[in-house]
Amino acid sequence: MNDLEATDAKGYRLPREDGSVVSLIVMHKDDNIFVYENRCPHTGINREWQPNQFFDAGGRSLQCATHGALFRPEDGYCLHGPCTGDSLEPVSFRVVDSEILIEA
């Protein structure tokens, strides 16, 4: 968690027990941590246009690089775009000694 600045998001790829890999967004916004699968609900693709570029220009919403959909950071709800009304898939986690632990 120490490598996440305020209003920052980073992408991570974590292996699963079944051998597959899950792509995640870990975000620090307004003194809160949020974790979502890095998968657009519209097309299923990763959402950043460059590594770790998840926020819109104003830093208020998460943005999908493919079609510009905007998502609220606090709940992943799509505010604008072809997936309006859908949400990003949240990932369970806990913080222990400033470390973010993903719960399988």
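Would you please name the residue that is modelled with the highest pLDDT, looking only at residues in the range 36-45 that are surrounded by fewer than 19 Cβ atoms within 10 Å (Cβ to Cβ) and closer than 25 Å to residue 94 by Cα? Step through it out loud before you land on a result.
Within the range 36-45, the subset surrounded by fewer than 19 Cβ atoms within 10 Å (Cβ to Cβ) is 37, 39, 42-45.
Okay, now just the ones that are also closer than 25 Å to residue 94 by Cα, so 37, 39.
Working: 37: 92, 39: 86.
Only one residue tops the list, namely 37.
Of everything in the range 50-63, what is surrounded by fewer than 15 Cβ atoms within 10 Å (Cβ to Cβ) and in contact with a Ser or Thr (Cβ under 8 Å, 6 or more places away or on another chain)? Give them in sequence order.
Residue satisfying the conditions is 59 alone.
Against the conditions (1) more than 17 Å from residue 24 (Cβ to Cβ); (2) among the basic types (Lys, Arg); (3) part of a strand (DSSP E or B), where does residue 94 fall short? Just the number, please.
All conditions pass for residue 94, except number (1).
Looking only at the range 64-81, count how many residues are at pLDDT below 90 and surrounded by fewer than 22 Cβ atoms within 10 Å (Cβ to Cβ).
Number satisfying all stated conditions: 4.
Can you name the residue in the range 53-104 that is free of Cβ contacts under 8 Å to residues at least 12 places away in the same chain and within 17 Å of residue 41 (Cα to Cα) and, of all such residues, is farthest from the chain's Cα centre (by Cα)?
Checked the range 53-104; the qualifying residue farthest from the chain's Cα centre (by Cα) is 85.
The values are calculated or read from the model by the stated rules, or taken from the named source; none is laboratory data. All values reported here derive from a predicted model rather than from experimental measurement. With ideal geometry, Cβ positions are generated from the backbone for all residues, glycine too; neighbour counts draw on all protein chains shown.
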